[in-house]
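Visitor: I'd like to ask some things about the structure below.
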Amino acid sequence: MPSPKYDILALDLDGTLLGPDGAVSQANIDAVDKARRAGIEVVLCTGRGYRESGEAIDAIRADRIAAGRSIAPVVVSGGAMIVDASRDRTMHRWPLGESLASELCELFAEMGRAPLLLKDFDAAGFDYLVINSGPVEPPTQWWFEHMPVEVRFVSSLAEDEHPEHTVRVGFAAGTDTMCQMSDAVRERFGRRAVIHAFAAVSSVEDRVGPDGRPLVGKDENIHLLEVFDAQVSKWTAIHRLALEQGIPRARVAAIGDEINDLAMIEGAGLGIAMGNAIPQVAKAAQRQTLHHADDGVAHAIERILTGEW
């Protein structure tokens, strides 16, 4: 087998490494192991917070330090943080400015909604700060109940003891609510921040809350709204890791499916779109692999290792 053309492989989680059941298939686990044995550093690159990524980190042993490295980096929070998974310590953080976070929370309050401020747990000691300027949407309630996160609720942003550790302001709701929210956020902050609005990857079971009631209306999907500092993208973080090792862009490969993967698909030397990727990602990619239900990551890694890609 020829030597790989790539030194780093960035892997998105939801819709990419994770199957429709929310788990990493054995085929994908085996493929990641094979890539590592060939000398490729595999880096998880997800929109999830670090502690929300624990099962995937464990599944592919992303906390193990590769040969020749002193850290086991994972990119989390949409590219706003790089964490050394071998020590559970933050290596770098691109925080959301306090002024912008304050203005975002003011807009949420005007619209009667509750913003979710994602924190750097390593620095702040908790994961989410929720401002009680509106109801906590059912999809958010479900997420907090199913994820190993610590959440704090306050009546105003003035009660935030760690404003410097906010990396994202977000929101989750059904389609109609989210369209209204995302339009308002883009209109007010579009030139000052990175804004992602997209459909959440969820199974039919995920649409029902713990009380048996639907998380959203019958004709709606769960959508996410995420606002970051203007410098933030998954590619910014991956590129930083590459530069630290003197690895040129041409020797970085990336696999993803959603709008928050677009920058790394465009930035990498080899951008690979999943078979289930949105049109913008599919158009930007040089290659397209199989659907995440069909072990698309394993298929792509095999093509890379044979030298075909």
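The values are calculated or read from the model by the stated rules, or taken from the named source; none is laboratory data. Keep in mind that this is a model prediction, so the values were computed, not measured. Positions of Cβ are generated from backbone atoms using ideal geometry, with glycine treated the same way; all protein chains shown enter the neighbour counts.
Visitor: Are any residues in segment 151-163 surrounded by fewer than 15 Cβ atoms within 10 Å (Cβ to Cβ) and among the charged types (D, E, K, R), and if so, which ones?
Guide: Glu159, Glu161, listed by residue number.
Visitor: Let me spell it out: the conditions are (1) exposed (fewer than 15 other Cβ atoms within 10 Å of the Cβ); (2) in contact with a Phe, Trp or Tyr (Cβ under 7 Å, 6 or more places away or on another chain); (3) not charged (D, E, K, R), and Gln180 meets all of them except one. Which number is the exception?
Guide: (2)
Visitor: Something else about it: So for segment 236-251 (the condition being touching a residue at least 12 places away in the same chain (Cβ under 8 Å) and more than 22 Å from Arg36 (Cβ to Cβ)), does at least one residue qualify?
Guide: yes
Conditions (1) under 19 Å from Phe171 (Cα atoms); (2) out of contact with any Asp or Glu (no Cβ under 9 Å at 6 or more places or on another chain); (3) in the same structural domain as Leu241 (by TED's automatic domain parsing), marked per residue:
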| site | (1), (2), (3) |
| --- | --- |
| Pro73 | no, no, yes |
| Ala80 | yes, no, yes |
| Arg89 | no, no, yes |
| Glu110 | yes, yes, no |
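Visitor: Taking into account only those residues within segment 98-140 that are surrounded by fewer than 18 Cβ atoms within 10 Å (Cβ to Cβ) and among the charged types (D, E, K, R), which is nearest to Phe189 (Cα to Cα)?
Guide: The residue in question is Glu103.
Visitor: If you take the residues of segment 144-180 that are modelled with pLDDT under 90 and out of contact with any Asp or Glu (no Cβ under 8 Å at 6 or more places or on another chain), which of them is farthest from Asp261 (Cα to Cα)?
Guide: To start, the set of residues in segment 144-180 that are modelled with pLDDT under 90 comprises 173-180.
Within this subset, residues satisfying the condition of being out of contact with any Asp or Glu (no Cβ under 8 Å at 6 or more places or on another chain) are 178-180.
Working: Met178: 20, Cys179: 21, Gln180: 24 Å.
Filtering first and then ranking leaves Gln180.
Visitor: Going by the conditions given, is Gly47 within 30 Å of Asp160 (Cβ to Cβ), among the small types (Gly, Ala, Ser), out of contact with any Leu (no Cβ under 8 Å at 6 or more places or on another chain) and not assigned by TED's automatic domain parsing to the domain that holds Phe144?
Guide: So Gly47 fails the test.
Visitor: Considering every residue within segment 149-157, establish whether at least one is touching a residue at least 40 places away in the same chain (Cβ under 8 Å) and more than 14 Å from Ser102 (Cβ to Cβ).
Guide: yes
Visitor: Hey, another quick one. Could you please find all residues in segment 282-299 being over 14 Å from Leu262 (Cα atoms) and either not in a helix (DSSP H, G or I) or not β-branched (Val, Ile, Thr) (or both)?
Guide: Start the filter on segment 282-299 by keeping residues that are over 14 Å from Leu262 (Cα atoms), which leaves 289-299.
Correct list: Thr289, Leu290, His291, His292, Ala293, Asp294, Asp295, Gly296, Ala298, His299.
Visitor: Looking only at segment 1-59, count every residue that is part of a helix (DSSP H, G or I), free of Cβ contacts under 8 Å to residues at least 40 places away in the same chain and more than 22 Å from Ser233 (Cβ to Cβ) and tell me the total. Break it down into steps so the answer makes sense when it comes.
Guide: So the first thing to find is which residues in segment 1-59 are part of a helix (DSSP H, G or I), and the list is 13-17, 26-37, 51-59.
With free of Cβ contacts under 8 Å to residues at least 40 places away in the same chain added as a condition, the list becomes 26, 29, 33, 36-37, 55, 57-59.
Still in the running and more than 22 Å from Ser233 (Cβ to Cβ): 26, 29, 33, 36-37, 55, 58-59.
Within segment 1-59, residues that are part of a helix (DSSP H, G or I), free of Cβ contacts under 8 Å to residues at least 40 places away in the same chain and more than 22 Å from Ser233 (Cβ to Cβ) number 8.
Visitor: Shifting gears a bit: Just one of the numbered conditions (1) touching a Phe, Trp or Tyr at 6+ places or on another chain (Cβ under 7 Å); (2) in contact (Cβ under 8 Å) with a residue 40 or more places away in the chain is not true of Trp142; which one?
Guide: (1)
Visitor: Still on this structure, please answer the following. Under 6 Å between Cβ atoms, which residue pairs at least 6 apart in sequence (or on different chains) link something in segment 183-197 that is more than 17 Å from Ser99 (Cα to Cα) with a partner that is assigned to a strand (DSSP E or B)?
Guide: Pairs found: His196/Glu226; Ala197/Leu225.
Visitor: If you don't mind, another one. Need the failing condition index for Ala67 against (1) farther than 20 Å from Ala298 by Cβ; (2) of a type in the set (A, V, I, L, M); (3) modelled with pLDDT of 95 or more; (4) assigned to a loop (DSSP other than H, G, I, E, B), just the number.
Guide: Unmet for Ala67, out of (1) farther than 20 Å from Ala298 by Cβ; (2) of a type in the set (A, V, I, L, M); (3) modelled with pLDDT of 95 or more; (4) assigned to a loop (DSSP other than H, G, I, E, B): (3).
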